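The block underneath contains the structure these notes are about, expressed in structure tokens.
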Amino acid sequence: MSGLPKFAFQQTGLRGLVLDTVLFKGWGLDELDALRTQADQAGCPCLLLRESEPTLTGVPEGALFSAALKRIDLVARAANRLGCNALAIQPRCTKTAADEREFDLHTLFFRRVLERVDRLELNVLIEPSKDWIGEPSWLIELVKKVGGFRIGTLPSFEAACRTQDCVATLRQTAPYAGAVLASFGDHDVEALGPLADEPEPPPADDQEEGPEPAPRKTTKKTTRKKTSKKKPGAESEPSRLPECIAALRAVGYEQILALDYQGAGDAVHAINAARRGIEAMLETA
């Protein structure tokens, strides 16, 4: 990932990175420190480290509990070396239906995590899972029961759209968020219309060639080119980006908004199209 921050900034104009732990398999401390230096110099710092795999947090104290905590310790140290101010964890349940006893175990786990990362001055964000603990009511209750100013949520448009009402879900979870993942796909880029076709400004003279494709998550603070083929007569899936952005505006959300491209086209093109589209939505709302 050498040169990634500079590449992300020059190609998209965004000013931060949300990174997945899967990107750092086999990395050492020197490599993490070097990436942090590159990110700071490029004006595109590492803001959040997200644990790529769900964590088994709803288990009693024992071997599984200790192994999960040990893994989070490793993630927290990496986040600290990268200069992130937060790490994100997606909890995983052992039961298929909501269970008060297991809920208490999730609470205990996250309290232990906060105790261990406090010295690193890291925040902990809970990402909605596909388990019952990811439902808005349980997610918010978990944040409240864990308590403290270093715990929050990491809502995503994708997770919100899995619920019956994505707008209501975001309006419930965004007030507790330290960041929001603006998940979008190729159909969202197509729905943006002319914005997706606007030419990008010419690269700077001193621009260096960077890695391809761009990272899974490129982040904006504040606020795969192979487009999917349509069958004759088929209509594009409607984009829910406008609804999601409106929901964030409705609750006055002003934290990190990370562009999370989940398509199969040109990532740089898609991220720039989404950025322009979201900026237009914010300006005209």
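Enumerate the amide H contacts of Ile151 below 5 Å, restricted to partners 5 or more residues apart or on another chain; note that Pro and chain-start residues carry no placed amide H.
Those lying under 5 Å, H to H, from Ile151 are Val124.
I'd like the accessible area for Thr173, computed on protein heavy atoms only with a 1.4 Å probe and all protein chains in place. Round to 10 Å², please.
Counting only protein heavy atoms, the figure is 10 Å².
Using a 1.4 Å probe, what is the accessible area per residue for segment 16-105, in Å²?
In whole numbers, segment 16-105 has 48 Å² accessible per residue.
HN-Hα J couplings of segment 239-249 from phi, Karplus 6.51/-1.76/1.60, θ = phi - 60°, integer Hz, Gly and Pro as x?
7, 9, 4, x, 4, 5, 5, 4, 5, 5, 5
Using only the Cα atoms of segment 45-122, what are the Rg and Dmax in Å?
Calculated on Cα positions, Rg and Dmax stand at 12.9, 40 Å.
Could you order Lys25, Lys6, Lys70 so the one with the most accessible surface comes first? Probe is 1.4 Å.
Lys25, Lys70, Lys6
At 4 °C and a viscosity of 1.567 mPa s, what translational diffusion coefficient does Stokes-Einstein give for segment 112-163, taking Rh as the Kirkwood radius over Cα pairs? Give it in µm²/s as a whole number. Please report the intermediate quantities before stating the final value.
Values: Rh = 11.7 Å.
Translational diffusion coefficient: 111 µm²/s.
What accessible area per residue, rounded to a whole number of Å², is obtained for segment 240-285 using a probe radius of 1.4 Å?
On a per-residue basis, 39 Å².
Provide the per-residue ³J(HN,Hα) series for segment 40-54, in order, calculated from phi with Karplus coefficients 6.51, -1.76, 1.60 and θ = phi - 60°, each as a whole number of Hz, with x at glycine and proline positions.
5, 5, 7, x, 9, x, 7, 9, 8, 10, 9, 5, 5, 9, x
Counting only the heavy atoms of the protein chains, how much of Glu61 is accessible to a 1.4 Å probe, in Å² to the nearest 10?
Probe radius 1.4 Å; accessible area of Glu61 about 110 Å².
Whole angstrom only: what separates the Cα centroid of segment 2-27 from the Cα centroid of segment 106-140?
25
At 1.4 Å probe size, with the rest of the protein present, what percent of the exposed accessible area of segment 1-103 is carbon and sulfur atoms?
51
The values are calculated or read from the model by the stated rules, or taken from the named source; none is laboratory data. Given the structure is predicted, the values throughout are model-derived calculations rather than measurements. Ligands, DNA and RNA are excluded from the accessible area calculation, which covers all protein heavy atoms including side chains. Shrake-Rupley method; radii C 1.70, N 1.55, O 1.52, S 1.80 Å.
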